[in-house]
Amino acid sequence: MKICYLAQPTIGLNQSGMKTQIDTLFEYFKNTDKIEVDKYNIWKNNKPDIIHYFGMGEGMLTLLQKLKENGSKIICSPNHWPIKSSFDKILMSINIKNVIYSNRVTKKYLLENADLFIVNSEAEKIKFIETYRVSSDRIKVIHNSYGSEPYLINKNLFREKYSIQKPYALMAGQFGSVRKNQLPVLQCWKESYPDLYILGGYDKTPYGKKCFKYIEDKNNIHYLGFESEYDILESAYQQCELFISPGLIETPSLSAFRALINGAKVCSTNFGGAPNEYFSDNVRYFDPYNKNEIASTIDASLKSEKWMIDFEGLKKFSNYSINQEYKKIYLNLF
């Protein structure tokens, strides 16, 4: 059986959560018996038995039609955010969400012709059915994994690279992205707090410029840019006093997940996805639209001792456990 992974043409432009998910699946299954995997190449005649498409639009209609005509089964991971904002409800009520969020024609084709939808939370499944009236028997829930198990490395790699001596807090994600909602964290960061380090690419948007301007004269907030070295990231998670995930939309954040399983205290948004479906009582939550609540949660978390983390309960999100679920679905569909 051959499976090809496919996503929108822009997938390689940055290290998004979707790209990480595809890379993780590819690396896991490339040496698996009975399953051959590849990333779809438009210059090759791939002839996959199953095309696993991540997304629901981005001008892929003709390619998906041809693959279906040639006998490929289509699995779609729609990445449909269970947003709770008033703006989202307005969009749904006037039925223009399809136009704004992605290519309407491709989405319509997938809704009618995909053999299976795989979503990443029960919350996403409920929202997907509510929005598109898709039969529940065409949808399976497979949660995202947190990746590989934590392993022993030089815990000082991050400190050594960036010459960090003192305790620190951490945020990771595209700096200046409206969705990542980092500005209220910057605004509530007190001079008495530990140094805050921010990892990720930079969005040169008006919001991004506002974030950047805000930290220019802050002595304890530092933007470090994108960090590609996995071991350095792991060491950053292992030693941070607190990891903050303030995004308006998170499935949850993989970086927050990595920080959590490495034993860090984590503060997370409770909106826009299903963080509590993954994290349960292992993190402290806040409303990302409430600046005062963000500030008070961060303040209380920094002052508290490290709280208990249910590492055993989190093992159901391990790479092995999650990919076994994918394997079962691939084999059953084939």
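So which pairs qualify, if the first residue must be in segment 266-291 and closer than 19 Å to L196 by Cβ and free of Cβ contacts under 8 Å to residues at least 60 places away in the same chain, the second must be surrounded by fewer than 19 Cβ atoms within 10 Å (Cβ to Cβ) and of a type in the set (F, W, Y), the Cβ gap must be under 9 Å, and the two must be at least 6 apart or on different chains?
If the second residue must be surrounded by fewer than 19 Cβ atoms within 10 Å (Cβ to Cβ) and of a type in the set (F, W, Y), the pairs left are C267/Y285; S268/Y285; V283/W307; R284/W307.
Answer with yes or no whether K127 is assigned to a loop (DSSP other than H, G, I, E, B) and more than 15 Å from the chain's Cα centre (by Cα).
no
Report, by residue number, each residue of segment 132-156 that is aliphatic (A, V, I, L, M) and modelled with pLDDT of 95 or more.
Matches in segment 132-156: I139, V141, I142.
List pairs: first residue in segment 148-159 and small (G, A, S), second residue in a loop (DSSP other than H, G, I, E, B) and at pLDDT 85 or above anywhere in the structure, Cβ distance under 9 angstrom, at least six positions apart or on different chains.
Every condition considered, the pairs that remain are S148/S318.
Could you say which residue among K155, K166 is surrounded by fewer than 17 Cβ atoms within 10 Å (Cβ to Cβ), more than 30 Å from Y109 (Cβ to Cβ) and in contact with a Ser or Thr (Cβ under 9 Å, 6 or more places away or on another chain)?
K155
Go through segment 252-277 and give me each residue that's touching a Gly at 6+ places or on another chain (Cβ under 7 Å) and assigned to a loop (DSSP other than H, G, I, E, B).
Across segment 252-277, the qualifying residues are P252, S253, G272.
Under 6 Å between Cβ atoms, at least 6 apart or on separate chains: pull out the pairs that start in segment 303-325 with a residue that is among the basic types (K, R) and end on any residue that is at pLDDT 95 or above.
Close Cβ pairs satisfying both conditions: K306/K265.
Just to be sure, is I244 in a helix (DSSP H, G or I) and modelled with pLDDT of 90 or more?
Answer is no for this residue.
Of all residues in segment 130-157, which are part of a helix (DSSP H, G or I) and either aromatic (F, W, Y) or within 17 Å of N332 (Cβ to Cβ) (or both)?
Y132, S136, D137, R138
If you scan segment 204-228, which residues turn out to be touching a helix residue (DSSP H, G or I) at 6+ places or on another chain (Cβ under 8 Å) and part of a loop (DSSP other than H, G, I, E, B)?
T205, K218, E227
Only one of (1) in a loop (DSSP other than H, G, I, E, B); (2) modelled with pLDDT of 90 or more fails for L186. Which number is that?
(1)
Looking at segment 10-105, what helices (runs of 4 or more DSSP H) fall wholly within it and have at least 2 residues that are farther than 28 Å from E277 by Cβ and at pLDDT 85 or above?
Qualifying helices (runs of 4 or more DSSP H): 61-69.
The values are calculated or read from the model by the stated rules, or taken from the named source; none is laboratory data. Since this is a predicted model, take the numbers as computed values, not measurements. When we count neighbours, we look across all protein chains shown, and the Cβ atoms used for this are built from the backbone with ideal geometry, even at glycine.
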